[in-house]
Amino acid sequence: MHTTTPGEISRPIKRLIEKVVPGGNGIYLPVNPEAGAVVNECFPNVQAKLERDGGQMLCGWQVWEWPHVLVEAEFHAVWKSPAGALVDITPKTQNETHILFVPDPRLSYQGLAKDNVRVPLRDDQVIRHFIRVSELIVQVMNKGERISQYGHVSVPAYEILPLQEARGFLGVSLASGLRDHDACLCESGNKYKRCHGRGWSSVLGS
């Protein structure tokens with residue numbers, strides 16, 4: 001995926017925010033990684049910061065955008081200093097210097113994962129399949145007792161590998177700009193919707 005912090009709160013971003021937090025507002029926050037903080041591990045990072053410096057954990061949604069493909073909201077936590085300043089202390093994979101954050105007073109971290117909320121930016125079967133496969137991967141990762149496991153989660157290969165392979169194929173397709181009416185990435189010569197798209201539609205229900 002090629003997601004990044006949205007450059008502006010566009011109409012699709014506003015619709016996503018309304019979907020995850022009705023009446024909520026997105027705010028841009030600085031990313032100031034705490035020493036020793038682990039990339040993308042916001043909850044233990046913030047908890048460790050609280051133990052050192054006090055303050056509060058504020059939960060909500062970090063908003064990402066994959067231009068021309070999708071927008072998504074990720075369950076996230078930032079640090080609220082004793083003085084009331086909001087700071088994202090968790091380093092990012094792509095070294096973002098700021099994030100778009102939507103506080104959600106209804107949320108608190110209870111050790112359980114939440115899937116991202118994804119909204120397509122255009123009506124395209126490739127995007128719908130990518131979103132559905134992403135949802136299925138999270139369901140498999142959180143199946144049964146796995147839902148309460150943190151960090152490395154052991155999942156049987158037969159459950160996860162086919163989904164990861166499909167997501168990889170779809171991700172490369174989208175990164176190359178492929179649409180459902182374009183020639184499938186597998187080079188069969190058929191349009192995606194007549195090739196991989198047809199098979200996955202029956203499996204994914206989309």
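One table, with the values for the structure above:
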| read-out | value |
| --- | --- |
| Selected residue (only one of Ile17, Ile13 is hydrophobic (A, V, I, L, M, F, W, C), under 22 Å from Ala85 (Cα atoms), touching a residue at least 24 places away in the same chain (Cβ under 8 Å) and surrounded by 15 or more Cβ atoms within 10 Å (Cβ to Cβ)) | Ile17 |
| Sole residue being closer than 21 Å to Gly171 by Cα, out of contact with any Gly (no Cβ under 8 Å at 6 or more places or on another chain) and of a type in the set (S, T, N, Q), chosen from Asn116, Asn25 | Asn116 |
| Any hit, segment 118-134, residues being aromatic (Phe, Trp, Tyr) and either without any contact (Cβ under 8 Å) to a residue 60 or more places away in the chain or over 18 Å from Trp66 (Cβ atoms) (or both) | no |
| Qualifying residue in segment 156-166 (condition: modelled with pLDDT under 90, under 22 Å from Gln139 (Cβ atoms), assigned by TED's automatic domain parsing to the domain that holds Ser134 and part of a loop (DSSP other than H, G, I, E, B)) | yes |
| Contacts under 6 angstrom Cβ, first residue in segment 32-51 being among the hydrophobic types (A, V, I, L, M, F, W, C), partner assigned to a loop (DSSP other than H, G, I, E, B) and surrounded by 14 or more Cβ atoms within 10 Å (Cβ to Cβ), 6 or more apart | Ala37/Ile89; Ala37/Thr90; Ala37/Pro91; Val39/Pro91; Cys42/Thr90; Phe43/Tyr109 |
| Residue satisfying condition, being closer than 24 Å to Val172 by Cβ and either touching a residue at least 40 places away in the same chain (Cβ under 8 Å) or surrounded by 15 or more Cβ atoms within 10 Å (Cβ to Cβ) (or both), within set His76, His68 | His68 |
| Tally, over segment 167-184, of residues that are in a loop (DSSP other than H, G, I, E, B), touching a Cys at 6+ places or on another chain (Cβ under 9 Å) and more than 19 Å from Val71 (Cα to Cα) | 1 |
| Subset of segment 1-55 (residues that are aliphatic (A, V, I, L, M), farther than 12 Å from Glu65 by Cα and not in a helix (DSSP H, G or I)) | Val21, Ile27, Leu29, Val31, Ala35, Ala37, Val38, Val39 |
| Any chance Ala113 is surrounded by fewer than 19 Cβ atoms within 10 Å (Cβ to Cβ), without any contact (Cβ under 8 Å) to a residue 24 or more places away in the chain and over 15 Å from Thr5 (Cα atoms) | no |
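Here's the yes/no breakdown for (1) of a type in the set (A, V, I, L, M); (2) buried (at least 17 other Cβ atoms within 10 Å of the Cβ):
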position	(1), (2)
Gly26	no, yes
Val31	yes, yes
Glu34	no, yes
Ala37	yes, yes
Asn40	no, no
Pro44	no, no
Arg52	no, no
Gly55	no, yes
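Yes or no, residue by residue, for (1) under 30 Å from Gln56 (Cα atoms); (2) in a strand (DSSP E or B); (3) outside the structural domain of Gln164 (by TED's automatic domain parsing):
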{"position": "Val87", "(1), (2), (3)": "yes, yes, yes"}
{"position": "Thr90", "(1), (2), (3)": "yes, no, yes"}
{"position": "Tyr109", "(1), (2), (3)": "yes, no, yes"}
{"position": "Leu112", "(1), (2), (3)": "yes, no, yes"}
{"position": "Ser134", "(1), (2), (3)": "no, no, no"}
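The values are calculated or read from the model by the stated rules, or taken from the named source; none is laboratory data. Worth saying up front: this structure is predicted, and the values here are computed from it rather than measured. Here Cβ is always computed from backbone atoms with ideal geometry, including for glycine, and neighbour counts include all displayed protein chains.
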